[in-house]
Amino acid sequence: MNKETLLLYFIMGSQDTDKDPAEVLKQAVAGGITCFQFREKGPASKTVEQKEELARELLAVCRSHSIPFIVNDDVDLAVQIGADGVHIGQGDEPASSVKKKLPAHMIVGVSAKTLKEAEKAVQDEADYIGTGPMYATTSKDDADEPIGPEGIQDLRKFGITLPIVGIGGITEKNVKSIMRAGADGVSLISAISRAIDPKEAAQRLRQLAQK
Ligand SMILES: Cc1ncc(COP(=O)(O)OP(=O)(O)O)c(N)n1
Ligand SMILES: Cc1ncsc1CCOP(=O)(O)O
Ligand SMILES: [Mg+2]
């Protein structure tokens, strides 16, 4: 995958907004996001049928603007709807077995915050690593303790060259620190999904992420 794709990586499910998710996504796209992850998760998320319906609606928005559409956790859904890729965490199916199920063109992103996890992701031929939480977050119930941008710096210091996005608590105030630590992009939910004006928020975040 082209690492520029990761510059402003927006993640959202219906639980992350009080508005119509498709409208929020359209505004985020207009503001300059470069990638989207559908993450329908947690107690306020949708049932299986509703989840697929929303996934297809959001996929159509991304397709009409050539924005890659990644599905979080749900490999079967990703294949079923023809998504561009999947994102899997340490508690999910291993990347090596996920890769075997997917056509070669599909992107596989892996969450990794330790050197060991990152090296495993490299070995499994992941396309990128999501590292975090960078800072405290209210968007993930079971989030670990924040590791800060130093977590990315360390992975770079130990020779990880795979594209990396920082995730967790990223706002306009700390985007630059994440990029300076060696990230290829920032991945965020609430800074866009709960912004009063998601388009303007995305525009400002994109400007800050750009080196
Ligand atoms: C880009 C990106 N990075 C990390 C994550 C977190 O994945 P995971 O640890 O599996 O947690 P859930 O998102 O599944 O709750 C992510 N989704 N995206
Ligand atoms: C999915 C995920 N993984 C680690 S932190 C996080 C949530 C990020 O959400 P926000 O950008 O609102 O802090
Ligand atoms: Mg996961």
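Filter region 81-97 down to the residues that are more than 16 Å from ligand 2 (Cβ to nearest atom) and more than 16 Å from PHE38 (Cα to Cα) and list them by number. Please lay out each step first, then the result.
Just the residues of region 81-97 that are more than 16 Å from ligand 2 (Cβ to nearest atom), to begin with: 81-84, 93-97.
Scanning region 81-97 gives GLU93, PRO94, ALA95, SER96, SER97.
Quick check on my filter: what residues within region 49-83 are among the basic types (Lys, Arg) and either touching a helix residue (DSSP H, G or I) at 6+ places or on another chain (Cβ under 6 Å) or open to solvent by less than 20 Å² (accessible area, probe 1.4 Å) (or both)? Talk me through it step by step, then tell me what you get.
Keep residues of region 49-83 that are among the basic types (Lys, Arg), which gives 51, 56, 63.
Across region 49-83, the qualifying residue is only ARG56.
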Do you know which residues across region 43-84 are more than 20 Å from SER139 (Cβ to Cβ) and either in contact (Cβ under 8 Å) with a residue 40 or more places away in the chain or among the hydroxyl-bearing types (Ser, Thr, Tyr) (or both)? THR47, SER64, SER66, PRO68, ALA83
Between a residue in region 118-145 that is of a type in the set (S, T, N, Q) and any residue that is part of a loop (DSSP other than H, G, I, E, B) and more than 12 Å from ligand 2 (Cβ to nearest atom), which pairs come within a Cβ distance under 9 Å, given they are 6 or more apart or on different chains? THR131/ALA183
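Here's the yes/no breakdown for (1) open to solvent by less than 50 Å² (accessible area, probe 1.4 Å); (2) part of a strand (DSSP E or B):
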| site | (1), (2) |
| --- | --- |
| ALA118 | yes, no |
| VAL122 | no, no |
| GLU125 | no, no |
| PRO133 | yes, no |
| ALA136 | no, no |
| ALA143 | yes, no |
| VAL165 | yes, yes |
Just need a number here: residues in region 1-40 that are at pLDDT below 95 and buried (at least 21 other Cβ atoms within 10 Å of the Cβ). 0
Quick one: how many residues across region 167-192 are out of contact with any helix residue (DSSP H, G or I) (no Cβ under 9 Å at 6 or more places or on another chain), over 21 Å from ILE107 (Cβ atoms) and part of a loop (DSSP other than H, G, I, E, B)? 2
Would you pick out the residues in region 145-155 that are surrounded by 14 or more Cβ atoms within 10 Å (Cβ to Cβ) and in a helix (DSSP H, G or I)? GLY151, ILE152, GLN153, ASP154, LEU155
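The values are calculated or read from the model by the stated rules, or taken from the named source; none is laboratory data. Just so it is clear, the structure is predicted and the values come from calculations on it, not from any experiment. Don't worry about glycine lacking a Cβ; one is built from the backbone with ideal geometry, like all the others, and counts go over all protein chains shown. All accessible areas refer to the heavy atoms of the entire protein, side chains included, with ligands and DNA or RNA removed. Shrake-Rupley method; radii C 1.70, N 1.55, O 1.52, S 1.80 Å.
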